[in-house]
1. Using a Gaussian network for the chain with springs between C-alpha atoms less than 10 Å apart, which of these wobbles most: 360, 293, 227?
2. Rounded to a whole number, what % of the accessible area of the chain do carbon and sulfur atoms account for, probe 1.4 Å?
3. Quick check for me: using +1 on Lys/Arg Cβ and -1 on Asp/Glu Cβ, what's the dipole size of the stretch 267-385 about its Cα centre, in debye to the nearest 20?
4. As I understand it, the dipole of the stretch 269-347 uses +1 on the Cβ of Lys and Arg and -1 on the Cβ of Asp and Glu, about the Cα centre. Which of 298, 282, 312 lies farthest toward its positive end?
5. Using a Gaussian network for the chain with springs between C-alpha atoms less than 10 Å apart, which of these wobbles most: 186, 218, 312?
6. For the stretch 56-140, run through the trypsin sites (Lys or Arg not before Pro) and keep only the ones in DSSP coil with at most 14 other Cβ atoms within 10 Å of their Cβ.
7. Under a 1.4 Å probe, what is the accessible area of the chain per residue, stated in Å²?
8. For the stretch 243-385, how many pairs of lysine residues have a Cα-Cα distance under 18 Å, where the two are 8 or more positions apart or belong to different chains?
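The values are calculated or read from the model by the stated rules, or taken from the named source; none is laboratory data. None of these values were measured; they are calculated from a predicted model. Glycine gets a Cβ as well: all are built from the backbone with ideal geometry, and neighbour counts include every protein chain shown. We work out accessible area using only protein heavy atoms, side chains counted, and drop any ligands, DNA or RNA first. Shrake-Rupley method; radii C 1.70, N 1.55, O 1.52, S 1.80 Å.
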Amino acid sequence: MVKFLHILAITGLTVAGIFVAVMLFAFVFLKTWKPFGGKASKADRKNYAERAANFDGKNFHNEDDFSPMNMEKNPAPDPFTFSKNEPRPDFDFPTKKPDFLTAPSSRAPIDALNMTWFGHSSLLVQMHGMNILLDPVFSEMISPVSFVGSRRFSHPPVSVDDLPEIDLLILTHDHYDHLDYNVIKAVEQKTARYIVPLGVENHLERWGVKPDKITNMAWWEEIDVDGLTIGCTPTQHFSGRHLTDTNATLWCSYVLKDEYHQVFESGDSGFNSHFERIHEKYGDFDYVFIECGQYDMQWPKVHMFPEQSVKAAKALGAKLVQPMHWGAIILSRHGWDDPIERFLLAAETEGLTVLTPYIGQTVHPETPALFQERWWRREMLSLLR
């Protein structure tokens with residue numbers, strides 16, 4: 001018995017030591033690992049409270065009651081699931097080289113509108129003579145570390161080095177599939193200015209971006225950049241890059257507007273009345289990028305189901321709409337092609353014109369018929385031959 005107690009005491013001490021060591025490692029890791037980003041100061045939080053009605057002094061909130069997870073033990077299955085495919089395709093998505101790699105100038109004319117989708121929610125919008133990069137994510141693994149996470153379906157069509165000089169880099173929120181530490185570090189030397197929702201500036205500053213290059217925004221704020229109006233508009237979502245910073249930064253969508261065009265980029269959002277209110281303020285949109293993918297009945301308010309994405313685009317008065325937030329990574333359990341096929345089916349009923357360019361293909365919206373090939377269907381058929 002004495003020997004047993006002696007062994008138990010030694011073992012207990014070892015277990016306690018291991019626990020303390022693990023907790024110490026976790027604490028140091030959270031404090032020092034740069035991809036986690038920075039945090040707001042007391043002065044920052046005071047500023048946020050003065051500008052944002054949905055900030056309580058510590059955290060940001062959605063306009064309506066919101067829980068990121070469905071608390072039902074066994075939520076009902078999605079009744080409209082279309083695809084029988086696995087979440088990850090068994091082929092590499094085809095990509096194309098964007099026009100800016102071969103164009104005589106890295107910037108389009110001031111009255112032109114060109115868009116290049118890099119997969120998921122990463123975009124280059126060439127508008128008002130500017131190169132505007134939104135939510136750029138080019139890492140193979142979507143994670144704070146390189147050895148675990150969600151791996152891309154296919155390699156990005158370009159590298160950061162291939163990108164032109166960036167006049168504006170715009171971020172919708174700080175989740176890893178929208179804010180890529182590696183990209184920010186790599187593109188900083190060619191980026192003139194950053195536009196971010198409240199709180200995200202602290203991540204960038206920790207990563208070496210000079211504060212005078214960053215403009216942070218609350219919902220419904222607008223800024224003018226050399227004649228281009230940028231409006232920060234609501235979404236229904238949440239934020240956070242590690243376990244203890246949930247909702248410490250804001251999430252948003254954006255309106256880009258000049259005398260020639262008006263573009264909407266939805267960021268991540270569940271479906272709600274904010275789309276109607278955005279339309280009330282800004283009117284119809286020439287081009288709408290709308291979130292479509294990574295939905296689940298276990299988080300029904302976090303991401304829109306495709307039919308809801310169509311309703312949102314309709315509420316925004318979209319003349320042309322391009323679904324995004326699909327075609328690159330797995331964050332949910334639906335078939336990889338479920339988002340786009342369901343979106344197209346619902347959009348046909350609503351009479352929407354849907355563009356589905358290849359990843360990397362530059363869209364010129366004045367010729368929409370050139371960007372309506374349903375290329376993934378052809379790829380699937382080729383596998384059956």
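1. For the chain, modelled as a Gaussian network with Cα springs under 10 Å, the answer is 227.
2. 58
3. Result for the stretch 267-385 is approximately 160 debye, rounded to the nearest 20.
4. My answer, from the dipole projection, is 282.
5. Looking only at 186, 218, 312, the biggest GNM fluctuation is shown by 186.
6. Passing sites in the stretch 56-140 are 58, 73, 84, 96.
7. About 46 Å² of surface per residue is accessible.
8. Number of lysine pairs found: 7.
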